[in-house]
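Enquirer: Got a structure here, written out as structure tokens. Questions coming.
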Amino acid sequence: MIDATPLIRQSKWRIILALSIIAILASISAATMESFFKVQEFDASLVNQAGRQRMLSQRIALGINMYVKALENQQTINDQARMMTTEAANLMLSSHNGLIKSTHSDTVKSLYFDGKPSLDDDIRTFIATALSIIQSVDAKQIKPQDVAQFEPQTLNYLLFRLNTVVDAYEDDAKNHVANSAIAERIIWAMTLLILLLEYIYIFKPTLTLIRQGFIETNLKHNRMQLAADSAQLGIWEFDTLNQTLHWDAQMWLTFYESAPQANLSSFDLFEKRVHPEDKEFVISEFMHALQDKRVMNFTFRIFTPSQLLRHIHVRSILEYDDNGNVIKVVGTNQDITEQKNKEEALIEAKEKAEAATRIKGDFLASMSHEIRTPLNGVMGMLGLLKNTPLTQLQKQRVEVANSSAQSLLALINDILDFSKIEANKIKIEAIDFDLHKLLAEVVDSLAQLAENKNIELILDAVKVETSRVKGDPGRIRQLLTNLLANAIKFTHDGHVILSASLTSYSQDNWQLNFSVEDTGIGIAEDKQSNLFDAFSQVDASTTREYGGTGLGLAIVKRLCIAMDGGINVSSQSQRGSRFYGRIVVGKSDQSEIVAPDFDVSRLNILIVDDNAVNLSILGDQLTHWGIKVSMARSGQQALSLCEKRVSNGLPIFDIGILDMQMPNMDGAELGKYLKQDPRFHPMHLVMMTSMLMDNDSQFMADIGFCAYFSKPVTTSDLFLALSVIGDNGDALRKATPLLTHDFLNSLNSEHTHLPTKHTGSTVSINQQTYFASRR
Ligand code: ADP
């Protein structure tokens, strides 16, 4: 709806102003005219009075002559003449005084007062002489010169002079009339001018404003109609005063599939068309919108005459009168059936996709478990095989078998990782670790590969001035290993350099910059842009020649992003490549921790695994180190072993090593039971899992586990973990949230040695013999 209030307000003030000016003008004109009339009236009375002076003087002269004649001839007093003269004389005097007093005209004044004797003197003498003659009772008393004043000759002179006064008054009056005529014309001219100005500055702009308003209103209305038509919006109006509902044509089309019907009211039609289940809801929404003075915004269903179900979306606004009462509800109805159908189809598709992803995820997780389990067995057996006397050839074959198993494990890990990243399930941990050691370890792990190809592998970590940082060492190792392995793979001669530096990022964080540079085959420029996409390899021949899945760089990039960083490449075909990136790591508040030198043979350990082979391999290894081992095939059996131990008065096991994947009661559940029971609480728990889980470390730590390893675990890790747990000192306390491979890796363990036999001879713990447990 269009808001006309500003237009009305603007026009109202303009009209008020114009009318006020006209009112002021009219008042001024009326006042001026009135004063003109007064002046003219006054002038007329003056002329009249001046004229009467002549008549009075003649009457006086007549009276005197009659009086004197009567006295002279009959010696009688003519009372009539006396009365007439006295009356006329008094009237003339008072009239004269009045004229003198009220005369402002200089001409008249000079006529009255100029000369000696002046007219004023003569008039007064004339009157005084008349009054004195009239008092005489004897003719002799009357002076002939006095009587001469009333004789025609002298009187004529007086009359002539009085005439000039009357003329002067008349001239004055004429002047006034002429002046007021000019003033009148000026006033009229001014009025016309002001009216003209009002027209130009007030009426015309107001008219333009109103016209514009109408044009705009029309335009808006047309646009609204156009918008409503093109959006197929039906518009309705409910008048609260008359309780009438008005529909536009589109409303009729939506509800009735035809033009407006005269014999059907909108109300009736609405009731007929609305879906029975929605009727109460729509009416209640409408009533509430009216009562609470709020807008409507909801969807309901109708049935068309051809029994089609349509979804209608209603929106409404309220219109108020000046007192804030609702006078109208104006609304739009939009048929959103198509949209609704699409939404439903989308939701269905989304649910299907989510279910498919879930199935895929579950499938991958179980496949990983299923593949890892036999693989762990293979690797564990190979590890044990290595401890037996072997010929040189057998040793070599064991090595080859071991490295093939590792490649297979890496591939499974890649596929799993990628599916986790795709499902946004990747969790970055914040573990305290030694960056220098990690970098060295990464390079060490690939040194053999480089050496086999006669490539120089160089680590430049000079600019890593702080060794201890906080981050996800597993993921950092994974991405660096990936880049280095690629570099070695695609380089035939020359070198591969891993450079790293730490630069300041924020108060609590460092930026870890890294680059892997090689002198290999390089990557053509046009192939570089989608290098980091999943399953992308430079060309099919690469796969044939070098193998690979095309997942490595996609994982690397996503890991970098997950760690608030990124990665880029610069490369020249046949000249080499440089992958350079950055991630954010936390600043560590821990100083270097020294690995404890603990005699593990003092330990009493319970191992729990549902798989007999698994148990025997792990048991053999621990016994090999002189440790006292108890074994359980299930959670229940583990609990009853613990019960028995306590009831026999024996101290509870120092450590429990639990397998995660067990039927009925899994490792995490068993851990909870053990930690909840105060009798078993002191036992340290170690979790081993062959299934990658999300945010595993924190989950395990929350249950009460103090160490967590994913299978296969190296013998050195296992040995060091048992030392740290057995020692139960500083190193264990600082392992947050719990002991992992990376924490162990960050320990200063130069003096810790792994015994080959419990007889005492040792090897360096850097030996990467895998200790795998099978299910
Ligand atoms: P893959 O498992 O195939 O190695 P990646 O995602 O790690 O998968 O690498 C994708 C492709 O990028 C490789 O197949 C190779 O063509 C190219 N590539 C990666 N690193 C290098 C490198 N250092 N030198 C040359 N080409 C490389």
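The values are calculated or read from the model by the stated rules, or taken from the named source; none is laboratory data. This one's a predicted model, so the numbers in the text were calculated from it and none came from an experiment. All Cβ positions, glycine included, derive from the backbone under ideal geometry; neighbour counts span all protein chains shown. All accessible areas refer to the heavy atoms of the entire protein, side chains included, with ligands and DNA or RNA removed. Shrake-Rupley method; radii C 1.70, N 1.55, O 1.52, S 1.80 Å.
Enquirer: Go through segment 98-120 and count every residue that is within 25 Å of residue 152 (Cα to Cα) and out of contact with any helix residue (DSSP H, G or I) (no Cβ under 9 Å at 6 or more places or on another chain).
Expert: 2
Enquirer: Residue by residue through segment 559-582, note down the ones that are within 46 Å of the chain's Cα centre (by Cα) and open to solvent by 70 Å² or more (accessible area, probe 1.4 Å). Explain how you work it out, then say what you get.
Expert: First, the residues of segment 559-582 that are within 46 Å of the chain's Cα centre (by Cα): 559-571, 577-582.
Result: 561, 564, 578, 580, 582.
Enquirer: Here is a further query. Scan segment 381-403 and give yes if some residue there is part of a helix (DSSP H, G or I), without any contact (Cβ under 8 Å) to a residue 12 or more places away in the chain and open to solvent by less than 80 Å² (accessible area, probe 1.4 Å), otherwise no. Working first, answer last.
Expert: Here is the first cut: in segment 381-403, the residues part of a helix (DSSP H, G or I) are 381-386, 392-403.
In the following step, the residues that additionally are without any contact (Cβ under 8 Å) to a residue 12 or more places away in the chain were identified as 392-397, 399-400, 403.
Subset that is open to solvent by less than 80 Å² (accessible area, probe 1.4 Å): 403.
Taking every residue of segment 381-403 in turn, at least one turns out to be part of a helix (DSSP H, G or I), without any contact (Cβ under 8 Å) to a residue 12 or more places away in the chain and open to solvent by less than 80 Å² (accessible area, probe 1.4 Å).
Enquirer: Oh, and also: Please find, within segment 732-759, the residue that is nearest to residue 476 (Cα to Cα) out of those that are modelled with pLDDT under 85 and in a helix (DSSP H, G or I).
Expert: The qualifying residue nearest to residue 476 (Cα to Cα) is 742.
Enquirer: Inspect all residues belonging to segment 197-217 and state whether any of them is exposed (fewer than 11 other Cβ atoms within 10 Å of the Cβ) and more than 30 Å from residue 321 (Cα to Cα).
Expert: Yes: segment 197-217 contains one or more residues that are exposed (fewer than 11 other Cβ atoms within 10 Å of the Cβ) and more than 30 Å from residue 321 (Cα to Cα).
Enquirer: How about segment 658-705: which of its residues are at pLDDT 90 or above, open to solvent by 60 Å² or more (accessible area, probe 1.4 Å) and under 51 Å from the mean Cα position of the chain (by Cα)?
Expert: 669, 672, 673, 676, 702
Enquirer: I need a count of the residues in segment 566-582 that are basic (Lys, Arg) and within 13 Å of the ligand (Cβ to nearest atom). Break it down stepwise before answering.
Expert: Step one: list which residues in segment 566-582 are basic (Lys, Arg), which gives 575, 578, 582.
If we keep only those that are within 13 Å of the ligand (Cβ to nearest atom) too, we end up with 575, 578.
Matching residues across segment 566-582 total 2.
Enquirer: Checking the conditions here, which among 600, 585, 608, 556 is buried (at least 16 other Cβ atoms within 10 Å of the Cβ), within 11 Å of the ligand (Cβ to nearest atom) and modelled with pLDDT of 90 or more?
Expert: On the way: 600 fails: within 11 Å of the ligand (Cβ to nearest atom); 585 fails: within 11 Å of the ligand (Cβ to nearest atom); 608 fails: within 11 Å of the ligand (Cβ to nearest atom).
Matching residue, one of 600, 585, 608, 556: 556.
Enquirer: Those residues that are modelled with pLDDT under 90 and not charged (D, E, K, R), I need them from segment 266-281; list them, please.
Expert: Residues of segment 266-281 modelled with pLDDT under 90: 266-274.
Across segment 266-281, the qualifying residues are 266, 267, 269, 270, 274.
Enquirer: Please go through segment 168-187 and pick out each residue that is free of Cβ contacts under 8 Å to residues at least 12 places away in the same chain and open to solvent by 70 Å² or more (accessible area, probe 1.4 Å).
Expert: Across segment 168-187, the qualifying residues are 174, 175, 179, 182, 185, 186.
Enquirer: Does segment 278-287 include one or more residues that are among the small types (Gly, Ala, Ser) and part of a helix (DSSP H, G or I)? So that I can check it myself, show each step before the final result.
Expert: Step one: of segment 278-287, the residues among the small types (Gly, Ala, Ser) are 284.
With part of a helix (DSSP H, G or I) added as a condition, the list becomes 284.
Within segment 278-287, one or more residues are among the small types (Gly, Ala, Ser) and part of a helix (DSSP H, G or I).
Enquirer: Which fully enclosed helices (runs of 4 or more DSSP H) of segment 65-167 have 3 or more residues being among the aliphatic types (A, V, I, L, M) and buried (at least 18 other Cβ atoms within 10 Å of the Cβ)?
Expert: Working: elements: 79-102, 106-113, 119-135, 144-148.
By residue number, 79-102, 119-135.
Enquirer: Please determine, by comparing only the residues of segment 483-510 that are part of a strand (DSSP E or B) and open to solvent by 40 Å² or more (accessible area, probe 1.4 Å), which one is nearest to the ligand (Cβ to nearest atom).
Expert: The first filter runs over segment 483-510 and keeps only residues part of a strand (DSSP E or B), leaving 495-504, 509-510.
Pick out the ones that are also open to solvent by 40 Å² or more (accessible area, probe 1.4 Å) and you get 495, 503-504, 509-510.
Details: 495: 12, 503: 24, 504: 29, 509: 28, 510: 26 Å.
My answer is 495.
Enquirer: Can you give me the number of residues within segment 287-299 that are open to solvent by less than 80 Å² (accessible area, probe 1.4 Å) and either within 27 Å of the chain's Cα centre (by Cα) or in contact (Cβ under 8 Å) with a residue 60 or more places away in the chain (or both)?
Expert: Our first condition is that a residue be open to solvent by less than 80 Å² (accessible area, probe 1.4 Å); within segment 287-299, this holds for 288-290, 296, 298-299.
Among the residues that remain, those that are also either within 27 Å of the chain's Cα centre (by Cα) or in contact (Cβ under 8 Å) with a residue 60 or more places away in the chain (or both) are: 289, 296, 298-299.
Matching residues across segment 287-299 total 4.
Enquirer: Which of the following residues is farther than 18 Å from residue 568 by Cα and touching a helix residue (DSSP H, G or I) at 6+ places or on another chain (Cβ under 6 Å): 461, 447? Working first, answer last.
Expert: On the way: 447 fails: touching a helix residue (DSSP H, G or I) at 6+ places or on another chain (Cβ under 6 Å).
Being farther than 18 Å from residue 568 by Cα and touching a helix residue (DSSP H, G or I) at 6+ places or on another chain (Cβ under 6 Å) holds for just one of 461, 447, which is 461.
Enquirer: Hey, could you check segment 518-527 for residues that are outside any loop (DSSP other than H, G, I, E, B) and within 9 Å of the ligand (Cβ to nearest atom) and say which is most open to solvent (accessible area, probe 1.4 Å)? Break it down into steps so the answer makes sense when it comes.
Expert: At the first step, the residues of segment 518-527 found to be outside any loop (DSSP other than H, G, I, E, B) are 518, 525-527.
Of the ones still in play, those that are also within 9 Å of the ligand (Cβ to nearest atom) are 518, 527.
Details: 518: 15, 527: 71 Å².
Looking at residues that are outside any loop (DSSP other than H, G, I, E, B) and within 9 Å of the ligand (Cβ to nearest atom), I get 527.
Enquirer: Confirm whether residue 429 is out of contact with any Pro (no Cβ under 6 Å at 6 or more places or on another chain), assigned to a helix (DSSP H, G or I), acidic (Asp, Glu) and within 26 Å of residue 411 (Cα to Cα).
Expert: On the way: out of contact with any Pro (no Cβ under 6 Å at 6 or more places or on another chain): yes; assigned to a helix (DSSP H, G or I): no; acidic (Asp, Glu): yes; within 26 Å of residue 411 (Cα to Cα): yes.
For residue 429, the condition - out of contact with any Pro (no Cβ under 6 Å at 6 or more places or on another chain), assigned to a helix (DSSP H, G or I), acidic (Asp, Glu) and within 26 Å of residue 411 (Cα to Cα) - is not met.
Enquirer: Within segment 448-473, can you find the residues that are loosely packed, with under 14 Cβ neighbours inside 10 Å and assigned to a helix (DSSP H, G or I)?
Expert: Passing the criteria: 448, 451, 452.
Enquirer: Taking segment 300-349, which residues are in a strand (DSSP E or B), open to solvent by 50 Å² or more (accessible area, probe 1.4 Å) and either more than 24 Å from residue 246 (Cβ to Cβ) or free of Cβ contacts under 8 Å to residues at least 40 places away in the same chain (or both)?
Expert: Scanning segment 300-349 gives 301, 303, 309, 315, 320.
Enquirer: Restricting to segment 81-137, give me the number of residues that are of a type in the set (D, E, K, R), closer than 19 Å to residue 164 by Cα and touching a Phe, Trp or Tyr at 6+ places or on another chain (Cβ under 8 Å).
Expert: Residues of segment 81-137 that are of a type in the set (D, E, K, R), as a first pass: 82, 87, 101, 106, 109, 114, 116, 120-122, 124.
Now restrict to residues that are closer than 19 Å to residue 164 by Cα: 101, 106, 109, 114, 116, 120-122, 124.
Next, from what is left, pick out any that are touching a Phe, Trp or Tyr at 6+ places or on another chain (Cβ under 8 Å): 120.
Residues flagged as of a type in the set (D, E, K, R), closer than 19 Å to residue 164 by Cα and touching a Phe, Trp or Tyr at 6+ places or on another chain (Cβ under 8 Å) within segment 81-137 amount to 1.
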